[in-house]
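The values are calculated or read from the model by the stated rules, or taken from the named source; none is laboratory data. If you're wondering where the values come from, they're calculated on a predicted model, not measured in any experiment. Ideal geometry is used to build each Cβ from the backbone, glycine not excepted, and the neighbour counts take in all protein chains shown. Remember, those area values only see protein heavy atoms, side chains included, never the ligands or the DNA or RNA. Shrake-Rupley method; radii C 1.70, N 1.55, O 1.52, S 1.80 Å.
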Amino acid sequence: MARGCGRADIGGMRTRRVVKRGMLIGLCLVVSAGGVASAAPSASPPVSTGVRFSLPEATGRYPVGSAEVHLVDRERRDPWVADRARELMVGVWYPARRTRGHPRQPYMPPGVARDVDESGSFGLAGPGQVDWAGVRTQAAAGAPPDDRRSRPVVLYSPGLQISRTLGTATAIELASRGYVVVAVDHTYEAPAVEFPGGRVETQQPMSGTEDLKKMVETRVGDTRFVLDQLATGRGLPEGLGRALDLERVGMYGHSGGGATAAEAMRADRRIDAGINMDGTLQYDDTDFLPVAREGLDRPFMLMGKPGQSHLVKASWRSFWDRSTGWKRDLSLTQGSHFSYTDAQSFVPALDEHLDIPGPLREEYIGTVDPVRSTAAQRAYIAAFFDQHLRQRSQELLDGPSAAHPEVRFVD
């Protein structure tokens, strides 16, 4: 994210390295044999004079637990760093049996928070002005899962060259509604990924169409590997593995993560339904992702902004015309690209203290009311997964809603 080198539409707010403007851009214990593990972080945030913010409280009935999970794919070499097995860190949020006595989850691991701060807080502040390491979420780290029933699983992929942490608020919301949410950091593409012991791996140089294709291919491989590992249950919080219903799997993502959700669905039929939040489906003006050329036969929802719909964007039109499954195209009026991330909440909060320039704020999150935008996104995302993973019909998905005028149905 914040590197001040330009902006990538499928991926980074202000990324460390620009891939190519206008394209796809847009506390763990290690289990050595491809395993997973998790542990609670420290309960006390470090002392700081920087600004802190709070994410919107979740609205579901369940308290939420969280875990950090380390995965090692011994069968796959890392495509970005020679002679290494592919390693991932994922965040897991789930309905908890109880949360008392468990510390609130940090918004960012300390090494990632340090990287964000030192690199300029996504272009919003100078070093030391925002206390990213001190921000805590509503989720309880290491809380025991509520394993009395099976839970649908939803995967999350962030934008290209973006950290999974920017999808935290929606993940916690879905977990509070009874889903297990698994968010993936795509190592060496994300700005910073912190591994057990405090090791931090940062972005590798990437540019051009071939690297874009490698990113998407790598992300799809990461997604399929995560599904394989969830099926084993190893390293997850005690009881959570038994609660995973891997016969009901959804996936959603922002920007390049939305493209990843679509392409992963094409490649892996274990994924039953998906959402693309403002991610183009093309590498360049003429080269579309395979999923845009072939479409899908399972439920999929496009969520865009003004100027990003299947009536305007060629790759979305190609996908729309070729998809035979249930589909919707929704537009967040007055929204912007990063309205579909936690920036919708933290940019206004930081603006109250740091006086962010109006054009910069609008570039990130548009002019939509942040509270109404958050409520609308929560309603439609939850309704989509409730209908297609839980088989609960949702009238909200049938047409425009007076309760959420910020959302337009694109026919």
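Per the conditions (1) crowded, with 23+ Cβ neighbours inside 10 Å; (2) modelled with pLDDT of 95 or more; (3) closer than 23 Å to LEU360 by Cβ, the sole criterion not satisfied by GLN161 is (2). Restricting attention to the stretch 106-121 and to residues that are hydrophobic (A, V, I, L, M, F, W, C) and out of contact with any Gly (no Cβ under 9 Å at 6 or more places or on another chain), the residue that is surrounded by the most Cβ atoms within 10 Å (Cβ to Cβ) turns out to be VAL112.
Residues ARG328, ARG269, ARG293: which one is of a type in the set (Lys, Arg) and in contact with a Leu (Cβ under 7 Å, 6 or more places away or on another chain)? ARG328 is the lone residue from the list that is of a type in the set (Lys, Arg) and in contact with a Leu (Cβ under 7 Å, 6 or more places away or on another chain).
Counting the residues of the stretch 358-396 that are under 16 Å from ASN276 (Cα atoms), open to solvent by 10 Å² or more (accessible area, probe 1.4 Å) and not aliphatic (A, V, I, L, M) gives 3. Hey, among the residues in the stretch 76-102 that are more than 17 Å from GLY235 (Cα to Cα) and among the β-branched types (Val, Ile, Thr), which one's least open to solvent (accessible area, probe 1.4 Å)? Among them, the one singled out is VAL81. Note on the stretch 241-259: residues that are surrounded by 17 or more Cβ atoms within 10 Å (Cβ to Cβ) and assigned to a helix (DSSP H, G or I) amount to 6. Of the residues making up the stretch 260-293, just one is among the small types (Gly, Ala, Ser) and open to solvent by 10 Å² or more (accessible area, probe 1.4 Å), namely ALA267.
For the condition of a type in the set (A, V, I, L, M, F, W, C) and under 17 Å from ASP398 (Cα atoms), what is the one hit in TRP316, TRP320, TRP326? When all the criteria are applied, what remains is TRP326. If you check LEU332, LEU350 for being open to solvent by less than 10 Å² (accessible area, probe 1.4 Å), over 17 Å from the mean Cα position of the chain (by Cα) and more than 27 Å from SER318 (Cα to Cα), only one passes: LEU350. Within the set ASP73, ASP83, ASP9, ASP78, the sole residue that is acidic (Asp, Glu) and either within 22 Å of ALA113 (Cβ to Cβ) or modelled with pLDDT under 50 (or both) turns out to be ASP9. The one condition from (1) in contact with a helix residue (DSSP H, G or I) (Cβ under 8 Å, 6 or more places away or on another chain); (2) open to solvent by less than 20 Å² (accessible area, probe 1.4 Å); (3) under 22 Å from GLY123 (Cα atoms) that GLU194 does not meet is (2). Is one or more of the residues making up the stretch 97-120 among the β-branched types (Val, Ile, Thr) and more than 15 Å from ILE162 (Cβ to Cβ)? Yes, there is a match, as at least one residue in the stretch 97-120 is among the β-branched types (Val, Ile, Thr) and more than 15 Å from ILE162 (Cβ to Cβ). Of all residue pairs spaced 6 or more apart or on separate chains, those with beta-carbon atoms under 9 Å, a first member in the stretch 207-229 that is open to solvent by 60 Å² or more (accessible area, probe 1.4 Å) and a second member that is part of a helix (DSSP H, G or I) are GLU217/GLU263; ARG224/ALA264; ARG224/ALA267. With respect to the stated conditions, GLU238 fails to be surrounded by fewer than 23 Cβ atoms within 10 Å (Cβ to Cβ) and modelled with pLDDT of 95 or more.
For every residue, the table says whether it meets (1) in contact with an Asp or Glu (Cβ under 8 Å, 6 or more places away or on another chain); (2) among the small types (Gly, Ala, Ser).
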{"position": "ALA183", "(1), (2)": "no, yes"}
{"position": "ALA192", "(1), (2)": "yes, yes"}
{"position": "PHE195", "(1), (2)": "yes, no"}
{"position": "GLY198", "(1), (2)": "no, yes"}
{"position": "LYS214", "(1), (2)": "no, no"}
{"position": "VAL226", "(1), (2)": "no, no"}
